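Trainee: Before anything else, here's the structure in question.
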Amino acid sequence: AQKITQTQPGMFVQEKEAVTLDCTYDTSDPSYGLFWYKQPSSGEMIFLIYQGSYDQQNATEGRYSLNFQKARKSANLVISASQLGDSAMYFCAMRESPSGYSTLTFGKGTMLLVSP
Amino acid sequence: GAVVSQHPSWVICKSGTSVKIECRSLDFQATTMFWYRQFPKQSLMLMATSNEGSKATYEQGVEKDKFLINHASLTLSTLTVTSAHPEDSSFYICSARDPTPGFQETQYFGPGTRLLVL
């Protein structure tokens, strides 16, 4: 079974509108972390936001917020007031903590296109 | 966020040659670095975890004799693709984990290296 599932291969949004990118995860580890990264066409992976499994509040970073629903095992990324520069691939990733060290497992990504 | 550099940004080589890629953490010491490979329109796949002063841990299916990893210092890890073949052509990207308390073990990525083997 996939550990990270991003069901939207592509999303379109108009500039200045909000958009939600879906991410569900699967783990039996009680301690885990969820990350969102942005990958523009240049290829670099840009860290956007982090949510810890024990965090009581949803994470927010500027225009990015993470809608964390632990019981549903979902960690959707919300981008408010979309900008043309937000057009990129977006990856959801999870860090579990087996054996005392942590690796990231990535979803397949969602391509976001922001139109004027 | 923390800065990770990678060199070279792209490389073209002949089949059978070896290629070395460097990954550096510029403003923090990284005891652990990670190497990923990404094929076009696909996600990142972890190849190996590089630990300073010890052997790398390779993911299942990754040939350790083909992808040599050396983490000789707290700021530098290298990946050498030995006897490269066209099927090794890919985007290789490294990351480093910032161990600073409060950074939630976030991995910061280098800009990546595009390898094309002819």
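The values are calculated or read from the model by the stated rules, or taken from the named source; none is laboratory data. The structure displayed is predicted, hence computed values, not measured ones. Every residue, glycine as well, gets a Cβ built from its backbone with ideal geometry; the counts of neighbours run over all protein chains shown. With ligands, DNA and RNA removed, areas are computed over all heavy atoms of the protein, side chains included. Shrake-Rupley method; radii C 1.70, N 1.55, O 1.52, S 1.80 Å.
Trainee: Which lysines, if any, have their Cα less than 18 Å from the Cα of A:K70, not counting same-chain residues under 8 positions apart?
Mentor: Straight-distance partners of A:K70: A:K3.
Trainee: Normalised by the residues of chain A, what does the relative contact order come to in percent, with Cα pairs under 8 Å and at least six apart?
Mentor: On the way: 284 pairs, mean separation 42.3, N = 116.
Relative CO of chain A lands at 36 percent.
Trainee: From the cross-link list A:K38/B:K41; A:K38/B:K66; A:K108/B:K14, which pairs have alpha carbons spaced over 19 Å apart? Mind dumping the intermediate values first?
Mentor: Values: A:K38/B:K41 14 Å; A:K38/B:K66 30 Å; A:K108/B:K14 31 Å.
The answer is A:K38/B:K66; A:K108/B:K14.
Trainee: What is the local net charge at A:G109, summed over the other residues whose Cβ is closer than 13 Å to its Cβ (Lys, Arg +1; Asp, Glu -1)? Present the calculation step by step, with values, prior to reporting the outcome.
Mentor: On the way: positive: A:K38, A:K108, B:K41; negative: A:D22.
That works out to +2.
Trainee: Determine the sum of side-chain charges near B:S50: Lys and Arg each +1, Asp and Glu each -1, restricted to other residues whose C-beta is under 13 angstrom from that of B:S50. Intermediate results must be reported in sequence, preceding the final value.
Mentor: Numbers: positive: B:R24, B:K55, B:K64, B:R97; negative: B:E22, B:E52, B:E59.
Every neighbour counted, the sum reads +1.
Trainee: For the pair B:T100 and A:D29, what calculated FRET efficiency results from E = 1/(1 + (r/R0)^6), where r is the Cβ-Cβ distance and R0 = 22 Å, to the nearest 0.05?
Mentor: 0.45
Trainee: How far is it, in nm, from the label point at B:W10 to the one at B:S54 when both lie 7 Å from their Cα along the line to the Cβ?
Mentor: Here the modelled spin labels are 3.9 nm apart.
Trainee: Within a Cβ distance under 13 Å of B:S77, other residues only, what is the Lys/Arg minus Asp/Glu net charge?
Mentor: It works out to a net charge of +2.
Trainee: With the Cα gyration tensor of the stretch B:3-84 giving a ≥ b ≥ c as the square roots of its eigenvalues, does the rule (a/c under 1.5 for rounded; else a/b larger than b/c for prolate; else oblate) give rounded, prolate or oblate?
Mentor: Note, shape of the stretch B:3-84 comes out rounded.
Trainee: Give me the one-decimal nm value for the distance between modelled label points at A:S97 and B:L68, 7 Å along each residue's Cα-to-Cβ direction.
Mentor: Computed distance between label sites A:S97 and B:L68 equals 3.7 nm.
Trainee: Once you place label points 7 Å from the Cα toward the Cβ at A:V78 and A:Y64, how far apart are they in nm?
Mentor: According to this spin-label approximation, the distance is 1.6 nm.
Trainee: How much of the accessible area of the protein assembly as shown, in percent, comes from carbon and sulfur atoms when a 1.4 Å probe is used?
Mentor: Here it works out to 52 percent.
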